[in-house]
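Asks: Below: one structure in structure tokens.
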Amino acid sequence: MELILSQRIAASPIDVAAMADFIAGLQKENGEIPWSKGGKTDPWDHVESAMGLSVAGRCREAERAYGWMAETQFPDGSWWSATRDGVPEDKTKDSNVSSYIAVGVYHHFLITGDIGFLEHLWPTLEAGVDYAVRLQATTGEIHWARNSEGIVDRMALLTGSSSVFMSLKCAIAIAAILGKQHSDWNIALEKLGEAIRHRPNLFNMMKARFSMDW
């Protein structure tokens, strides 16, 4: 079965250029990449799309996407969870959504080696990661979000916390490259890793509303 599967993959390789063309075709002049034509935009999937552009060598479009993130970030480091044509559809400010820019920025750097890009996006990713770290519980897990009134939803999701864990790792790597000091991120990473590995009771296990466990 594995041999048959590998043969099929070899016969039908992924057309990276075509996929990048599709993503670039969705991108607006301001750099925003919605889910679909006329669809909503959420920052997490927007970063994923930017990463796809980077992989395909569409670096200018990817950097425009990160520019949109910098332009639309709130002073507290967060973004709305979803907007459509600049109008908020979901005013939740998700810790996972806000920190994920660190993953995208580091990914783009690994492809391009562009230190100037890291330096330019540092204030944006630093603020986004700090937003998530401020939502960390004393027991290590990351609280999911703040609502539109700024009230913390103290539920923790394994998916979201795992994504924040990856974001912290990327942010720490970027800080090391740029010579920035952020020992609080290392502490947060250690506490979060301990919670993910050894304290499953801290996380919401209901799957009716949220996506999956990582």
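All of the numbers you see were taken from the coordinates with simple rules; none came from a lab. Please read all numbers here as calculations on a predicted model, not as lab measurements. For neighbour counting, all protein chains shown are included, and Cβ atoms are generated from backbone atoms with ideal geometry for every residue, glycine included.
Asks: With a cap of 10 neighbouring Cβ atoms within 10 Å, and only residues DSSP puts in a loop, list the trypsin sites (Lys or Arg not before Pro) found in segment 34-91.
Replies: Qualifying residues, ordered by number: 37.
Asks: Using alpha carbons only, how many degrees (0 to 90, rounded to 10) separate the axis of helix 115-134 from the longest principal axis of the chain?
Replies: 40 degrees
Asks: If I take R0 = 41 Å and measure r between the Cβ atoms of residue 29 and residue 149 in this structure, what FRET efficiency does the formula 1/(1 + (r/R0)^6) give, to the nearest 0.05?
Replies: That pair, residue 29 with residue 149, gives E of 0.80.
Asks: Would you compute, from DSSP H runs of 4+ residues alone, the mean residue ellipticity of the chain at 222 nm, taking -39500 (n - 2.57) per run and dividing by the full residue count, rounded to the nearest 500? Present the calculation step by step, with values, prior to reporting the outcome.
Replies: Values: 9 runs with 122 residues, N = 214.
Result for the chain: -18000 deg cm²/dmol, rounded to the nearest 500.
Asks: Charges only on Cβ, +1 for Lys and Arg, -1 for Asp and Glu: so what's the dipole of segment 62-112 about the Cα centre, in debye to the nearest 20?
Replies: Dipole of segment 62-112, to the nearest 20 debye: 60 debye.
Asks: Under the definition of Cα pairs under 8 Å and six or more residues apart, what whole-number percent is the relative contact order of the chain?
Replies: Computed over the chain, the figure is 16 percent.
Asks: According to a simple spin-label model (label point 7 Å from Cα along Cα-to-Cβ), what is the distance in nm between residue 110 and residue 134?
Replies: 2.9 nm
Asks: Over the Cα atoms of the chain, Rg to Rh with Kirkwood Rh, two decimal places?
Replies: Reported Rg/Rh, Kirkwood definition of Rh: 0.99.
Asks: What are the aspartates and glutamates whose alpha-carbon lies under 19 Å from the alpha-carbon of residue 28, with same-chain residues fewer than 8 places away excluded?
Replies: Here the aspartates and glutamates satisfying the reach criterion relative to residue 28 are 42, 45, 48, 61, 63, 71, 85, 89.
Asks: Are any of the pairs 40/169; 91/169; 169/191; 93/169; 40/191 more than 23 Å apart by Cα-Cα distance, and if so, which?
Replies: 40/169; 91/169; 40/191
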